[in-house]
Amino acid sequence: MTQQGVRWTSGQVLAPAPDDVSRKTGKGTGPGTRTEFGTGNGGRAMTGRERSGEDQKDWDFTGEAAGRTADPEAARRRAERRAARITAGAVELEQRLADLLRGGLAAAEQAGHGAWEETAARMVDAQAPGLAARTRELGAIPGSGPGWPVRLLEECALLHLLVRAWLSVDELPGPLAATVRTRVGLTSPAGGAPVRDHWLVLAQYDAADGRLTTRRAWLHGRESGRPALLLSYGAAGRAPQLALPVGRVVDAELTPHRGAGQLRAELSEEFEVLEPSGAPPPGGPVADALAGYGRALAEDPWLDAWPATLADVVPIPGAEGWQLADAKGGSALLVSPSALGRPSLWRLAALSGGGPVTVFGECGHRGFTPLAAWDPDGGEPVALT
């Protein structure tokens, strides 16, 4: 290993160290194990007429790429069996959601999260990890604070929409169908056209759910202007080994994943780490960020976060929490509740000093999560994670 570069492939990820980091694809263990929550096919048990051999090469129904098997017919049969299991699980989940609404949301607080854990386990048995994850999240909402019935109803509606989309996925437009398969939990390899660029690392942070640690890294292409999201995974309690310092620029080729509104990509070619770049990506007012988020939601209703760079905004505390307000306009974005307890929010306020700053973060339905900021005089980004 030299300082000149590191080889990245779509099948594994090599960190800038001798240890390799791979994502779990159905085999392999260790702290760098990689898990793909990708895409799935079929609104019902699929037949050979419904899923061609070429389609089976693209979508992974078996835990390994079907196109790599020496027996396409066996891969087709496995694909049909898994699609049938997922469909059966989706039908059961739809009934569970209907029972909840029939009994009333108030009963959900007394029932506890045990019933949701059981339902999530059944989705795992149905080989639909995406449905399982969203089902498990429902159990944490009842009793989580003021307004929890509204939040529970919102999440139930999104989950029901996903179930119905899966059951009619063959009738959806191609990009939206790919997104539905992704959200249900079947995997698809990175298959877009590779993009070579100098990528600025905007943010990096970890999220753990007790089973898996997920590391999210946001990048911005200096020449292409494209944002990209890199994901890496580690076993519970152990951080992924992939690390990209915020503010660094890497010369790399990224291969995007499929799906409407998806920014997910894989580092696929050798790259080298360049000198840090102090210039932030191009930003805009709050209205532009909201418009971009709205367009992304139209393509992917289950979107959790969308990247946005806010230029010339001022962090302002208020009765409803912190806001990021346009310095020259009347628009503002609420800071998401998940970010309110972070010390980095005060770091942002100190950087601003009451004046305008440039902030990069994630737009979501709960508000804006600041991840990095730049002061008007330039310099390196300040990480807010």
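Residues checked against (1) part of a strand (DSSP E or B); (2) more than 30 Å from Ser344 (Cα to Cα); (3) of a type outside the set (Phe, Trp, Tyr):
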| site | (1), (2), (3) |
| --- | --- |
| Ala193 | no, yes, yes |
| Trp199 | yes, no, no |
| Tyr205 | yes, no, no |
| Gly210 | no, no, yes |
**Request:** Inspect segment 219-237 for any residue being out of contact with any Gly (no Cβ under 9 Å at 6 or more places or on another chain), of a type in the set (Lys, Arg), open to solvent by 30 Å² or more (accessible area, probe 1.4 Å) and modelled with pLDDT under 90 and give the result as yes or no.
**Result:** no
**Fill in**
Expected single match for open to solvent by 20 Å² or more (accessible area, probe 1.4 Å) and at pLDDT 90 or above among Gln110, Gln95 is Gln95
**Asked** What are the residue pairs meeting all of these: first residue in segment 353-366, first residue touching a residue at least 40 places away in the same chain (Cβ under 8 Å), second residue open to solvent by 30 Å² or more (accessible area, probe 1.4 Å) and among the aromatic types (Phe, Trp, Tyr), Cβ atoms under 6 Å, and 6 or more apart or on different chains?
**Response** Cys363/Trp306
**Request:** Looking only at segment 144-167, decide whether some residue is open to solvent by 40 Å² or more (accessible area, probe 1.4 Å), under 23 Å from Glu266 (Cα atoms) and touching a residue at least 40 places away in the same chain (Cβ under 8 Å).
**Result:** no
**Asked** What's the number of the condition Asp197 fails, among (1) touching a residue at least 60 places away in the same chain (Cβ under 8 Å); (2) closer than 22 Å to Glu362 by Cβ; (3) buried (at least 18 other Cβ atoms within 10 Å of the Cβ)?
**Response** (1)
**Asked** Does Ala133 satisfy the criteria of being outside any strand (DSSP E or B), in contact with a Ser or Thr (Cβ under 9 Å, 6 or more places away or on another chain) and within 29 Å of Ala106 (Cβ to Cβ)?
**Response** no
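The values are calculated or read from the model by the stated rules, or taken from the named source; none is laboratory data. None of the values given here were measured: they were computed from a predicted structure. Counting neighbours? That spans all protein chains shown, and the Cβs are built from the backbone with ideal geometry, glycine included. These accessible areas exclude ligands, DNA and RNA; they are computed on the full protein's heavy atoms, side chains included. Shrake-Rupley method; radii C 1.70, N 1.55, O 1.52, S 1.80 Å.
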